[in-house]
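The values are calculated or read from the model by the stated rules, or taken from the named source; none is laboratory data. This structure is a prediction, so every number in the text was calculated from the model and none was measured. FYI the Cβ positions are ideal-geometry reconstructions off the backbone, even for glycines, and counts take in every protein chain you see. With ligands, DNA and RNA removed, areas are computed over all heavy atoms of the protein, side chains included. Shrake-Rupley method; radii C 1.70, N 1.55, O 1.52, S 1.80 Å.
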Amino acid sequence: MKVFISVDIEGVTGINSWSETELGNPDHAQFKDQMTRETVAACEGAIAMGAKEIFVKDAHDSARNIDMMKLPKCVRLSRGWASNPDSMMAGLDESFDAALFVGYHSAAGYNGNPLAHTMTTNLNYIKINGELASEYVLNSYVAAGYGVPVTFLSGDKMLCEKTKDLNPNIVTVAVKECEGGATISLNPEYACELISEGVKNSLKHITECKIEIPEKFEVEVSYKEHKDAKRASYYPGVTQISPHVVAYTAKDILELKTTRMFIL
Ligand SMILES: [Zn+2]
């Protein structure tokens, strides 16, 4: 079995503030360690189910957070950005059996995480076919474009609840919940145990996690700054519909992710 893992930081156990997400900030140290531990836990779950090859994409900000010295032997780690439309999923292709998401967080427009955002912190929200879209949703479509089911997600509780709308059979582990600016988290070691178990269970039901691909994607992006909406409106196929909002229609996943790459 060959498994792909995309790892973000805003949904790992305990993390609460932007300073804790920034490489080089002293606040970051504890949470890059937890990001690494949760990644290792996911790998161990996959290995227990027979994974022989694991590809880990460090998918947060600098993409230089995970400590590769801690990763099991069968893991290859992608650091930095591949400069292609797959973004947080770069490295995935049709040869993988399953994809897993670790450390994922609520979307821009939701209050499930003090660090809620989608792809960039510059947006009020991104909607796909009328629904607020998280990175989980966008990246699930990227995976679906390669025919790879997403079987597992760990992150904040609200995101875990919302995952079922797109993929009713995904296994989720909520490591924390949010109340205003506060986060209430599990014990970090216990969170890792749950992640490992959750990954194991999820890999028993890979085919049930295939999602339907819509016939087209109606995308609406609302920017915090109106100048960003104006700039995006010059990309082919993108229309400005109000001072802060642009829209485009993508006929397939390639168009969805490529336009996003240039306008976000
Ligand atoms: Zn992130």
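Checking each residue in region 58-85 for being touching a Leu at 6+ places or on another chain (Cβ under 8 Å), open to solvent by less than 10 Å² (accessible area, probe 1.4 Å) and under 18 Å from VAL142 (Cα atoms) picks out only ASP58.
Can you work out which of the residues in region 154-186 that are polar (S, T, N, Q) and in contact with a helix residue (DSSP H, G or I) (Cβ under 9 Å, 6 or more places away or on another chain) is surrounded by the most Cβ atoms within 10 Å (Cβ to Cβ)?
Initially, region 154-186 is screened for residues polar (S, T, N, Q), giving 154, 163, 167, 169, 172, 183, 185.
Narrowing the set further to residues that are in contact with a helix residue (DSSP H, G or I) (Cβ under 9 Å, 6 or more places away or on another chain) leaves 154, 163, 167, 169, 172, 185.
Values: SER154: 30, THR163: 22, ASN167: 22, ASN169: 15, THR172: 21, SER185: 19.
Selected residue: SER154.
Can you find a residue that is within 17 Å of the chain's Cα centre (by Cα), within 16 Å of the ligand (Cβ to nearest atom) and either open to solvent by less than 30 Å² (accessible area, probe 1.4 Å) or modelled with pLDDT under 95 (or both) anywhere in region 45-57? Within region 45-57, one or more residues are within 17 Å of the chain's Cα centre (by Cα), within 16 Å of the ligand (Cβ to nearest atom) and either open to solvent by less than 30 Å² (accessible area, probe 1.4 Å) or modelled with pLDDT under 95 (or both).
For the subset of region 172-210 comprising residues that are β-branched (Val, Ile, Thr) and touching a strand residue (DSSP E or B) at 6+ places or on another chain (Cβ under 8 Å), which member is nearest to GLU161 (Cα to Cα)?
If we filter region 172-210 for residues that are β-branched (Val, Ile, Thr), which is where we start, we get 172-173, 175, 183-184, 195, 199, 206-207.
Next cut, touching a strand residue (DSSP E or B) at 6+ places or on another chain (Cβ under 8 Å) only: 172-173, 175, 183-184, 195, 199, 206.
Values: THR172: 8, VAL173: 10, VAL175: 12, THR183: 16, ILE184: 16, ILE195: 16, VAL199: 17, ILE206: 19 Å.
Across region 172-210, the extreme among qualifying residues is THR172.
Taking region 38-62 as the range and being of a type in the set (Gly, Ala, Ser), in contact with a strand residue (DSSP E or B) (Cβ under 9 Å, 6 or more places away or on another chain) and over 23 Å from LEU23 (Cβ atoms) as the test, the residues that pass are GLY45, ALA46, ALA51. Within region 139-153, identify whether any single residue is crowded, with 19+ Cβ neighbours inside 10 Å, over 14 Å from VAL102 (Cβ atoms) and aromatic (Phe, Trp, Tyr), and answer yes or no. Yes: one or more hits. With respect to (1) within 16 Å of the ligand (Cβ to nearest atom); (2) of a type outside the set (S, T, N, Q); (3) assigned to a loop (DSSP other than H, G, I, E, B); (4) within 18 Å of LEU203 (Cβ to Cβ), the lone exception for LEU23 is condition (4). Evaluating ASP93 against the criteria (1) in contact with a Phe, Trp or Tyr (Cβ under 7 Å, 6 or more places away or on another chain); (2) more than 11 Å from the ligand (Cβ to nearest atom); (3) more than 23 Å from MET261 (Cβ to Cβ) leaves one unmet condition, (3).
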